[in-house]
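Since the structure comes first, as structure tokens, the remarks are kept for the end.
The values are calculated or read from the model by the stated rules, or taken from the named source; none is laboratory data. Predicted model only: the values in this text are computed from it and were never measured. Cβ coordinates were reconstructed from backbone atoms using ideal geometry, including for glycine residues, and neighbour counts include every protein chain displayed. For the accessible areas, the whole protein counts, side chains as well, though only heavy atoms, and no ligand, DNA or RNA atoms are used. Shrake-Rupley method; radii C 1.70, N 1.55, O 1.52, S 1.80 Å.
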Amino acid sequence: MKQNPTNKMNHPSMKRLKSVIFGLCLIPLVCLGQTIQFWKFGSASDSANQGLAKWVDQWNKENPGKQVQIRFFPFGEYMDGTLLTTAFASGSGPDIFWASPGTFLQYAKGGVLADISDLFTPEAKQDFSKASIDAITVDGKQYAMPFEQEPVALLYNPELLQKAGLQIPKTWDELLAACEKLKAANLVPIVIEPQPGAYQNFTWYPFLWQTGADVTDPEMTKATFDSPGTAKALDLWRTLIQKGYAPRTASDITANVIATPFGSGQAAMQVVGMWAIQQLQSGAPKIKFDFTPLPTPTGSNPVTVYGGWNQAISAKSKNLAVAKEFTAWMWLKGTERPVEWCTKLNSKFSPRKSVLEAAKSFYDQPYLNTFRDVILPTARAEPRYPAELVKIVGDSLQAAMFRNTPGAEAAAEGQKQIETFLKSNQ
Amino acid sequence: MSGIPTFTASTNKRLYRRLSNVLSYSICGVVALITATPFVWMALGSLKNATEVVEYPPTFLPRQFAWNNYVEVFTSVPFLRYIFNSFLVASTVTLVALLFHSMAAYSLARLRYPGRRILFLVIISTLMIPASITLIPTFIIVRSLGWLDTYWALIVPALFNAFGIFLLRQFYLSLPLELEEAARIDGASPAGVFLHIALPLSRPILATLAVFFWLANWNNYLWPLIVTQSPEMRVIQLGIASFAGEHSTQWQLIMASSTVAAVPGLILYVFLQNFLIEGIKMTGIK
Amino acid sequence: MNVSSRPRLVARHIEAITGYLFLLPDLLGLLIFLIIPIAYAFFISLHDWNALSPMRWNGLDNYVKLLSDTQFWASLKITAIYTLIYVPVLYVISLGLALLVNQRLSFLRFFRTIFFVPVVLSLVVSSLMWKYIFDERAGLLNFLIGLIGIPPQAWLGSVELALPSIIIVSVWIQMGYFMVIFIAGLQDIPRDYYEAARIDGANRVQMFFWITLPLLKPTSLFVIVISLIASFQVFDQVWVMTRGGPSRATQVTAVYIYQQAFQYLNLGYGSAVAFVLFVVILGCSLIQFRLLRSTQS
């Protein structure tokens, strides 16, 4: 008798095959449920991210049931907030991500960050610098993992300074005098960030702090912006722009030293961070450069700022334990990976003393030794001001720079707005 | 008398014509320079190496033509895949949206039914909301439909945009009524009039819209960024943006990838332009 | 009932049903992917929400707050100035270009393509290129004006010139777009009208004002309303070129909304500002519709 074609699928061996296939199909679903999402910025092809991807591969190989998937997103939207805000607002955020100091506090207060204080055992805490622990501590608990520090200093071109017959400026007055001479010699005296935003503030804070002033008190409850020191710091940048010592526009963020007049050998000085070393060495090898601490108002102690991302874990993560384990493996377990991050994949400092020690030979190189011995010890952590506070400070700075508003007036206006903001945020 | 040119009215007119032609061409030339310069700058920059592209003062022609920038664009990110994704999305959206919008626009322009004016106003007003505010709600809807990281999320929400409906409606309003009335008298249904009279006549405007839709979806950036996470689903603008980093941006790669991205749109426009001219021959007559 | 009115009634019904059916796919899609999100956004505007914690009902507090928000009003003023300059300039230039290339002269197709190039580039890329052109030291523009003796300007770094600079870029980007739309509209005008006018002795200027412009009304309405809507919502160019600076000189409302919603995480407040902007745009558009009420041929 002719076999009914539809019965073929119900043949016993077919049935077994179907269930096996069904079972196999479930495995990826099961695995997918366990995979942690690690979202980072940049491109999959840049060397630092390739290094991270290798770490993830190694972890995945060693931990079959605890898979991590790393994904890269364009920096602008990662930093400016669209990406993560949308993801968290709809409950579909990543398990692990990087938070800047500004977003850190916003997210911590919003309950999005997982408490990872248990990772910071007393021995672990000892290894970190106090500033880096304080930066990620809220109400006595730790909510993110610090892993890098990049201080800001004065980058200068010794050839250009020499040509203009100038010494390295150490005070604000010397700086302005040098700028005047350099401008007369038809060079760009100094490059500072003209565009409003977190980076502009970040590079300005050292000048504010050097006068002894600050935006708020350490607990961020009281506004202290209106002070003679603030006015002086605002007036300094105001003078730099209004007198034409610094360009009013930049085609790219000035953190990209190669794209500024300094990278083309047209500018004598720039306020920029440690990352510039690598940029200049690979992208502009003909430019002679060196670093010195930022000039201070006469007689004050040098102070600078350091920046760096922190690795955070989402409190809503469905794999909290694995995410914590992975984070600890990346940054706490031994010094192998932190050293690789800070010395091979990038050029940064680590907040951990043991890592600095292990990479001692690397930091003994020129420029880096200046940073380690002279600049880093004077560096304060980038403040964790939420974006609104950053904008208020930035508005005062911008008003001084571009509307020629006297520093005292801009500071007073800023003070008022900070007070309003702090009140509405309690 | 013979041999001496006389200035007749027709000579005057010819002179006037020639002057106006010269003027036209000169204005065109100036405007062409203005429109082309940034693009030329970008194309030239795409052939400079990393250091030269941001040099102060800038160079005009590259010292050495860095063709490898283009190679790097295609090898450092799966750019071909991005192109494929963008192409698929843009083409699908264009075809389906044109169909939907021409029907909707004709309905709003020529068919009578209660509530037509209100519906038109409601549709137009959807254009007036800043897109950033509807980003999260739309994302939530798309996520609950299970479309995250799929072509559905890229295609379906993009289909519905009042811009095309508005443009086509205005176009249909400006068509002379006689043709349609004649067809109605001959016994054609409203749908028939649309299919046989209005739609063929709207070929120029449909060609125009096709280019616009295609470009809008091809150049779309923020929405695809939010709804796609896997590398295989990325679109071309995301690829371009990936060359911008935290402290450094590879300008030469951004320019190279942007130049590549600009080509299909231009080809489409040139191709459809011929079609537009065909359209002239049809609508120019009574 | 009158025998002859029956088929007319049926015809009317068929027309109405066809009307609704033709509208249905778009209406349904717009409902799900635009109208519901807009309603949801309005719902958010009645709350205090930072995207991370649950929403907190606020009622109309956000709206009351923005009445006294000087930054909001300043942004509205800047947006209004931008619109008042951008829309007419864009209209005149794109119509002018359309008239220019619509003539029966050779090579004009080549120019038509060139004029369209800005439309092909993405907004972000165009803005980046122009940022370079506007650069104080290295920019092409200062180089050119230097040739005729004008000192270099700060353009995007000047409180007075930043907004006009952005307007220039926006017009540059969009003029090819609307030129194409005007071309399509111009080609709709039957040539016999011009023939008849020429026989009657009208010159080109008269033909433009008495034939072209009136018959272009539907297209003009479209161009003005669309460019108005776009200009009130301008964001990408500003964000890329100045970030709202220098010193808030280019802080248009769309930038303010973005900052509130995605950076300060005041999603409720940001939505409220967006809806106020929506009302402003709606009002202006309705005025345009009234002014340019199109007539049937």
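Subtracting the Cα-Cα distance of A:GLU159 and A:VAL374 from 0.36 nm times their residue separation leaves 75.2 nm of extension gain. In summary, the lysines within cross-link reach of A:LYS181, defined as a Cα separation below 17 angstrom excluding same-chain residues under 8 places away, comprise A:LYS163, A:LYS170, A:LYS243.
Amide H contacts of A:PHE73 (H built 1.01 Å from N, in plane; Pro and chain starts excluded): A:LYS40, A:PHE41, A:GLY42 sit under 5 Å, all sequence-distant by 5 or more or on other chains. Near C:LEU265, within a Cβ-to-Cβ distance under 11 Å, what is the net charge of the other residues, with Lys and Arg +1 and Asp and Glu -1? Taking every Cβ under 11 Å from that of C:LEU265, the sum is -1.
Considering only C-alpha atoms, what is the centroid distance from the stretch C:1-69 to the stretch B:160-211, in Å? Here the answer is 25 Å between Cα centres. Computed over the alpha-carbon atoms, chain A gives an Rg to Rh ratio of 1.08, Rh here being the Kirkwood radius from the mean inverse distance. The relative contact order of the stretch B:130-279, computed from alpha carbon pairs under 8 Å that lie at least 6 residues apart in sequence, is 27 percent.
Take the Cα of B:SER144, step 7 Å toward its Cβ, do the same at A:ASP118, and the gap between the two points is 3.5 nm. At q = 0.15, 0.19, 0.20, 0.29 Å⁻¹, work out log10 I(q)/I(0) for the stretch A:105-171 with the Debye formula, treating every Cα as an identical point scatterer and leaving solvent out; two decimals please. Taking Cα atoms of the stretch A:105-171 as identical point scatterers yields -0.60, -0.76, -0.82, -1.29. Over 17 Å, how big is the tail of the calculated P(r) for the stretch B:62-162, in percent of all Cα pairs? For the stretch B:62-162, the fraction of Cα-Cα distances above 17 Å is 70 percent. For the protein assembly as shown, the Cβ-based charge dipole about the Cα centre amounts to some 2960 debye (Lys, Arg positive; Asp, Glu negative; other atoms uncharged).
Over chain A, Cα pairs under 8 Å with separation of 6+ residues give a relative contact order of 24 percent. When the pairs A:LYS66/A:LYS324; A:LYS125/A:LYS316; A:LYS141/A:LYS344 are compared against a 20 Å limit on Cα-Cα distance, A:LYS125/A:LYS316; A:LYS141/A:LYS344 fall above it. Size descriptor for the protein assembly as shown, Kirkwood hydrodynamic radius: 31.3 Å (Cα pairs only, one decimal). Heavy-atom accessible surface of the stretch A:118-225, averaged per residue, reaches 40 Å², computed with a 1.4 Å probe. Figure legend: label point modelled 7 angstrom from the Cα of B:ARG203 along Cα→Cβ; residues of the stretch C:160-199 with amide N under 20 Å from it are C:180-192. Between B:TRP152, A:ALA53, B:GLN273, the Cα set farthest toward the positive side of the dipole of the protein assembly as shown (charges on each charged residue's Cβ, about the Cα centre) is that of B:GLN273. Note: the stretch C:1-121, Cα convex hull, 315 Å³ per residue. A Förster distance of 45 Å, applied to the separation of the beta-carbon atoms of A:THR224 and A:SER45, puts the FRET efficiency at 0.50. Taking each DSSP H run with n ≥ 4 as -39500 (n - 2.57) and averaging over every residue of the protein assembly as shown yields -18500 deg cm²/dmol at 222 nm.
Each residue of the stretch B:171-184 in order: what ³J(HN,Hα) in whole Hz does its phi give by Karplus 6.51 cos²θ - 1.76 cosθ + 1.60, θ = phi - 60°, with x for Gly and Pro? Taking θ as phi minus 60°, the curve returns 4, 4, 5, 8, 6, x, 6, 3, 4, 5, 5, 4, 5, 5 Hz for the stretch B:171-184. For the stretch A:57-172, the C-alpha radius of gyration sits at 1.52 times the compact-globule guess of 2.2 N^0.38 Å, with N the residue count. Distant-in-sequence amide contacts of A:THR304, defined by a placed amide H-H separation under 5 Å and a gap of 5 or more residues or a different chain, comprise A:ALA379, A:ARG380. Which parts of the stretch B:209-246 would a label at B:PHE84 reach, counting a residue when its backbone N lies under 19 Å from a point 7 Å out along Cα-to-Cβ? Output list for this probe position: B:218, B:228-240. Based only on the alpha carbon positions, what is the Kirkwood hydrodynamic radius of chain C, in angstrom? This gives a value of 22.7 Å.
Computed over the alpha carbons of the stretch A:172-261, Rg followed by Dmax gives 14.5, 47 Å. Between A:ALA177 and B:GLN64, the modelled labels are 4.5 nm apart [label points 7 Å from Cα along Cα→Cβ]. For the stretch A:248-261, 3J(HN,Hα) computed residue by residue from phi via the Karplus equation (6.51, -1.76, 1.60; θ = phi - 60°) reads 7, 10, 8, 6, 9, 4, 5, 4, 7, 4, 4, 8, 8, x Hz, glycine and proline entered as x. Amide H to amide H distances under 5 Å link C:ASP48 with C:ARG56, C:TRP57, C:ASN58, where only residues 5 or more positions off or on other chains count and H is placed in the peptide plane.
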